[in-house]
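K.L.:
The following block contains the structure, expressed as structure tokens.
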Amino acid sequence: MTQFIFGILIICFAAGLGWFGANLAQEGWKKWKRPEIANKINEVKVEDTAERQLRAYVSVGPLIVKEKFPKEISFVAKNTGQTPAYDLSSHLNFEKTGAEVGLPDGFGFPVREGFTFGRSVATLGSNGEIEFTFPVDLDDLTKVQNGKMGLFYYGHISYKDIFKKDHVSKLCYQYTGAKQGNVIVHEFRMCENHNDAD
């Protein structure tokens, strides 16, 4: 008999809990359906979609060495978005390592004073591209070619879109030496990290 009464009480409690949950869900749904909330959600979605479709997207090309005995290294930045990018600022740093040694674990790609080469541009139009050039130490390249050192170049481009939002495109390449022959070709390998963009 006691078990029967206990079972009835459990059923009543479960039914009451279900009724309370249903009413709570219904009230929440009513609030969700309120026009001002629905409209606000739609406005945010439309605005976000429009910004993503219209904003600037600056991509960074690979590192380039154009000369046999170079004094400069460069890369091309291209705006593949539909609107201009503003206040572009480019930076390139380097990290020397032991021969056949990668970047240290947890390397944070710091922007070091005295080792940072930068250049700024006011505007880069839609489908426009610009080459950023930085000095390079030929002695460092030669040490890598002779197997005495490892060398990584890394950096980023920061810019604003027409909505005044900040964006960053990153790059990291390892200098792997130069193929000898009639024409010396300097080669770079893309790093596993620090080659993304937002």
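The values are calculated or read from the model by the stated rules, or taken from the named source; none is laboratory data. Everything quoted here is computed from the prediction, not taken from an experiment. Don't worry about glycine lacking a Cβ; one is built from the backbone with ideal geometry, like all the others, and counts go over all protein chains shown.
K.L.:
Do we have Asn93 as outside any helix (DSSP H, G or I), polar (S, T, N, Q), under 19 Å from the mean Cα position of the chain (by Cα) and assigned by TED's automatic domain parsing to the domain that holds Cys172 here? Before you say what the answer is, go through the steps one by one.
P.N.:
Values: outside any helix (DSSP H, G or I): yes; polar (S, T, N, Q): yes; under 19 Å from the mean Cα position of the chain (by Cα): yes; assigned by TED's automatic domain parsing to the domain that holds Cys172: yes.
Criteria met by Asn93.
K.L.:
Suppose the filter is touching a Pro at 6+ places or on another chain (Cβ under 9 Å) and surrounded by 13 or more Cβ atoms within 10 Å (Cβ to Cβ); does Thr176 pass it? Before the answer, list the steps.
P.N.:
On the way: touching a Pro at 6+ places or on another chain (Cβ under 9 Å): no; surrounded by 13 or more Cβ atoms within 10 Å (Cβ to Cβ): yes.
Judged against the criteria, Thr176 is not a match.
K.L.:
Also, I was wondering about something else. In the range 150-198, what count of residues is obtained for those that are farther than 19 Å from Ile64 by Cα, among the β-branched types (Val, Ile, Thr) and part of a strand (DSSP E or B)?
P.N.:
1
K.L.:
Which one of these does Gln82 not meet: (1) touching a residue at least 40 places away in the same chain (Cβ under 8 Å); (2) surrounded by 13 or more Cβ atoms within 10 Å (Cβ to Cβ); (3) in contact with a strand residue (DSSP E or B) (Cβ under 9 Å, 6 or more places away or on another chain)?
P.N.:
With respect to (1) touching a residue at least 40 places away in the same chain (Cβ under 8 Å); (2) surrounded by 13 or more Cβ atoms within 10 Å (Cβ to Cβ); (3) in contact with a strand residue (DSSP E or B) (Cβ under 9 Å, 6 or more places away or on another chain), Gln82 is out only on (3).
So that you can scan it fast, the table gives a plain yes or no per residue for (1) over 22 Å from the mean Cα position of the chain (by Cα); (2) at pLDDT 90 or above:
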residue	(1), (2)
Glu113	yes, no
Val121	no, no
Leu124	no, no
Phe132	no, no
Leu141	yes, yes
Gln145	yes, yes
Lys148	yes, yes
Tyr153	no, yes
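K.L.:
Separate question: Just a yes or no: is a residue in the range 117-126 among the basic types (Lys, Arg), under 25 Å from Thr80 (Cβ atoms) and in the same structural domain as Asn79 (by TED's automatic domain parsing)? Outline the logic, then answer.
P.N.:
Going through the range 117-126, the residues among the basic types (Lys, Arg) turn out to be 119.
Filter once more, keeping what is under 25 Å from Thr80 (Cβ atoms): 119.
Now narrow it down to the ones that are in the same structural domain as Asn79 (by TED's automatic domain parsing): 119.
Yes, the range 117-126 contains a residue that is among the basic types (Lys, Arg), under 25 Å from Thr80 (Cβ atoms) and in the same structural domain as Asn79 (by TED's automatic domain parsing).
K.L.:
Right, Ser126: of a type in the set (Gly, Ala, Ser) and surrounded by fewer than 17 Cβ atoms within 10 Å (Cβ to Cβ) or not?
P.N.:
On the way: of a type in the set (Gly, Ala, Ser): yes; surrounded by fewer than 17 Cβ atoms within 10 Å (Cβ to Cβ): yes.
Criteria met by Ser126.
K.L.:
Oh, and also: Restricting to the range 57-73, give me the number of residues that are surrounded by 15 or more Cβ atoms within 10 Å (Cβ to Cβ) and farther than 21 Å from Gln180 by Cα. Quick ask: steps written out before the conclusion?
P.N.:
Kept after step one, since they are surrounded by 15 or more Cβ atoms within 10 Å (Cβ to Cβ), are these residues of the range 57-73: 57-60, 63-65, 70, 73.
Narrowing the set further to residues that are farther than 21 Å from Gln180 by Cα leaves 57-60.
Adding up the residues that qualify gives 4.
K.L.:
Check the range 128-149 and report whether any residue there is part of a loop (DSSP other than H, G, I, E, B), under 23 Å from Arg52 (Cα atoms), in contact (Cβ under 8 Å) with a residue 40 or more places away in the chain and of a type in the set (A, V, I, L, M, F, W, C).
P.N.:
Residues of the range 128-149 that are part of a loop (DSSP other than H, G, I, E, B), as a first pass: 128, 136-137, 146-149.
Those left that are additionally under 23 Å from Arg52 (Cα atoms): 128.
Right, trim to in contact (Cβ under 8 Å) with a residue 40 or more places away in the chain and you get 128.
Subsequent filtering for residues that are of a type in the set (A, V, I, L, M, F, W, C) retains none.
There is no residue in the range 128-149 that is part of a loop (DSSP other than H, G, I, E, B), under 23 Å from Arg52 (Cα atoms), in contact (Cβ under 8 Å) with a residue 40 or more places away in the chain and of a type in the set (A, V, I, L, M, F, W, C).
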